[in-house]
Amino acid sequence: MKYTPIKASLFKKNRNKFNKFLNNSSIAIFNSNDIYPVSADSILPFQQHRDIYYLSGLDQEESILLLFPDANNPAHREIAFVKETSELIAIWEGEKLTKEKVTEQSGIETVYWLDDFPKIFAMLMAEATTVYFNTNEHSRANTITQTREDRFIEWCKKKYPAHNVAKSNPILHQLRAIKEPEEIEIIQQACSITEIGFRKVLGMIKPGVWEYEIEAELIYEFTKNRADGFAYTPIVASGTNANVLHYIENNKQCKAGDVILMDVAAAYAKYSSDLTRVVPVSGKFTKRQKEVYNALLHVKAESTNLLTPGLEWKDYNEEVGKLMTSALLDLKLLDKADVKNASKETPAYRKYFMHGTSHFLGLDTHDYGSQNEPMKANMVVTVEPGIYIPEEKMGFRLEDNVVIQKEGTPLNLMSTIPIEADEIETLMNQ
Ligand SMILES: [Mn+2]
């Protein structure tokens with residue numbers, strides 16, 4: 001891990017919040033992710049499951065967190081299990097967590113080796129009536145892989161068929177959507193690293209540069225500043241490539257006169273930032289490009305100002321739709337008849353802006369949170385309207401990350417990352 005350790009007090013606070021939701025006499029279990037294989041003896045870099053991390057700070061494979069607030073023995077109210085380490089393992093794989101280190105990172109006093117899990121779990125299950133499983137209930141989750149958590153659930157249901165079962169995931173969706181000050185600080189750090197990368201590429205973009213050269217420059221700056229890496233697969237899309245919303249090839253040469261859409265950001269201590277900027281390859285926007293750019297920037301600013309506690313997502317999206325419609329009318333991309341003739345389900349603006357405006361941001365880039373409930377203070381969300389014009393071979397999206405405030409307009413965690421067209425041109429021509 002390149003990040004500096006996060007204080008255990010955050011994870012302690014998270015566990016206390018979570019425990020309040022549990023029924024009496026309940027055990028909740030959280031597993032690490034597996035290390036995923038490629039082929040032969042190759043593996044993908046380890047990515048910790050965000051829930052066990054959120055509740056413990058443990059960033060190691062083959063770890064289990066057990067929460068049992070009503071356990072008779074106070075020492076068993078929270079337990080971490082990690083795989084047994086030794087000097088031999090330290091030599092081959094590097095240092096793994098010792099029991100002392102686990103306590104230091106997580107604030108959990110009781111730590112056992114993983115081999116002891118079945119025995120201790122059996123003892124505690126005899127005392128408990130309900131077991132909470134952490135199934136993945138993210139609305140966009142789409143996976144055919146059986147996770148370590150899935151295997152545990154299968155094993156546990158077979159071994160303990162008489163226990164009640166309950167779901168941890170909805171609790172975590174509620175909790176993780178609202179950020180603690182420490183979490184906002186970490187996301188701010190991710191945003192600041194992203195800024196360093198973005199400013200760096202402003203100085204190297206010119207006609208003839210390749211999209212992957214820009215990607216390379218960004219990961220260099222991110223890593224150098226202790227980022228975990230890219231928060232998500234980077235999109236560096238010049239010219240009409242920007243009209244492919246999930247363009248990740250990044251293998252084209254950038255041509256004079258085009259704009260480049262860059263949806264690239266760093267993750268730090270497992271927290272994502274999520275930035276999109278559009279810059280002119282030649283260092284100067286054409287008149288038309290600037291016209292679209294400024295119209296979009298206006299939509300983004302106005303949309304951001306809407307974000308306040310109590311606002312329903314459905315109303316927010318509707319208001320953004322109105323702002324976008326008026327921008328597209330001004331740009332002559334739509335006319336009044338287009339707007340009038342469109343159905344309510346598919347408003348005319350959808351032709352040029354076909355994705356959502358905002359999503360939750362945090363330990364996952366598309367973070368936990370419900371869009372069926374009104375917004376609350378200390379939610380961190382993206383604001384990312386876009387205008388995609390394939391017929392003009394260009395696409396625009398502008399994205400910042402903001403914190404919804406108890407009162408007033410949101411706090412923009414990317415307020416120092418250049419976004420005004422003039423500022424971008426000036427920086428590119430220095
Ligand atoms: Mn985003």
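A few comments on the model shown:
- The chain, dipole about Cα centre (Lys/Arg Cβ +1, Asp/Glu Cβ -1), debye to the nearest 20: 620 debye
- Calculated from backbone phi, Karplus (6.51, -1.76, 1.60) coupling profile of segment 332-342 in Hz, x at Gly/Pro: 6, 7, 10, 10, 4, 5, 3, 5, 5, 7, 6
- Counting only Cβ charges, +1 for Lys and Arg and -1 for Asp and Glu, the dipole size of segment 58-158 around its Cα centre is about 380 debye.
- Most fluctuating residue given options K270, K255, K101, as computed from a GNM of the chain linking Cα atoms under 10 Å: K101
- Fraction of beta bridges assigned by DSSP in segment 8-177 that are antiparallel (%, nearest 5): 45 percent
- Derived scalar couplings between HN and Hα for segment 196-201 equal 4, x, 5, 4, 4, 6 Hz in order, rounded to whole Hz, by the Karplus curve 6.51 cos²θ - 1.76 cosθ + 1.60 (θ = phi - 60°), x for Gly and Pro.
- Percentage relative contact order, segment 1-151, counting C-alpha pairs under 8 Å, at least six apart: 28 percent
- All-pairs alpha carbon distance profile, segment 8-177, 5 Å steps from 0, percent: 1, 8, 17, 22, 22, 16, 9, 4, 1, 0
- Multiplying the residue separation of H355 and W92 by 0.36 nm and subtracting their alpha-carbon distance yields 90.0 nm.
- Fraction of beta bridges assigned by DSSP in the chain that are antiparallel (%, nearest 5): 75 percent
- Relative contact order (%) - criterion: Cα under 8 Å, at least six apart; region: the chain: 14 percent
- Residues whose amide H lies under 5 Å from that of Q405, counting only those 5 or more places away or on a different chain, are N378, L411; hydrogens are built 1.01 Å from N in the peptide plane.
- Computed E for E127/K287 - FRET, C-beta separation, R0 56 angstrom, nearest 0.05: 0.15
- Computed magnitude of the charge dipole of segment 8-177 (debye, nearest 20; Cβ of K, R +1, Cβ of D, E -1): 800 debye
- Computed from the alpha carbon positions, the gyration tensor of segment 158-209 leads to an equivalent ellipsoid with semi-axes of 45, 17, 8 Å, biggest first.
- When you filter the GluC sites (Glu not before Pro) in segment 354-430 for DSSP loop state and at most 16 other Cβ atoms inside 10 Å of their Cβ, you are left with E407, E420.
- The Cα trace of segment 272-348 gives Rg and Dmax of 14.9, 44 Å, the first to one decimal, the second as a whole number.
- Computed over the chain, the per-residue total of -39500 (n - 2.57) for DSSP H runs of n ≥ 4 gives a 222 nm mean residue ellipticity of -11000 deg cm²/dmol, rounded to 500.
- Computed over the chain, the percent of Cα pairs more than 31 Å apart is 47.
- Residue among I144, L114, I35 farthest towards the positive dipole end of segment 8-177, charges placed on Cβ: I144
- Applied to segment 23-30, the Karplus parametrisation 6.51 cos²θ - 1.76 cosθ + 1.60 on θ = phi - 60° returns per-residue 3J(HN,Hα) values of 5, 4, 6, 10, 10, 10, 10, 9 Hz, with x for Gly and Pro.
- For segment 8-177, the carbon plus sulfur part of the accessible surface works out to 52%, probe radius 1.4 Å.
- Accessible surface computed residue by residue for the chain, with neighbouring protein chains in place and a 1.4 Å probe, gives 47 Å² per residue.
The values are calculated or read from the model by the stated rules, or taken from the named source; none is laboratory data. All values derive from a computational prediction rather than experimental measurement. A quick note on method: Cβ atoms are made from the backbone with ideal geometry, for glycine too, and the neighbour counts reach across all protein chains shown. With ligands, DNA and RNA removed, areas are computed over all heavy atoms of the protein, side chains included. Shrake-Rupley method; radii C 1.70, N 1.55, O 1.52, S 1.80 Å.
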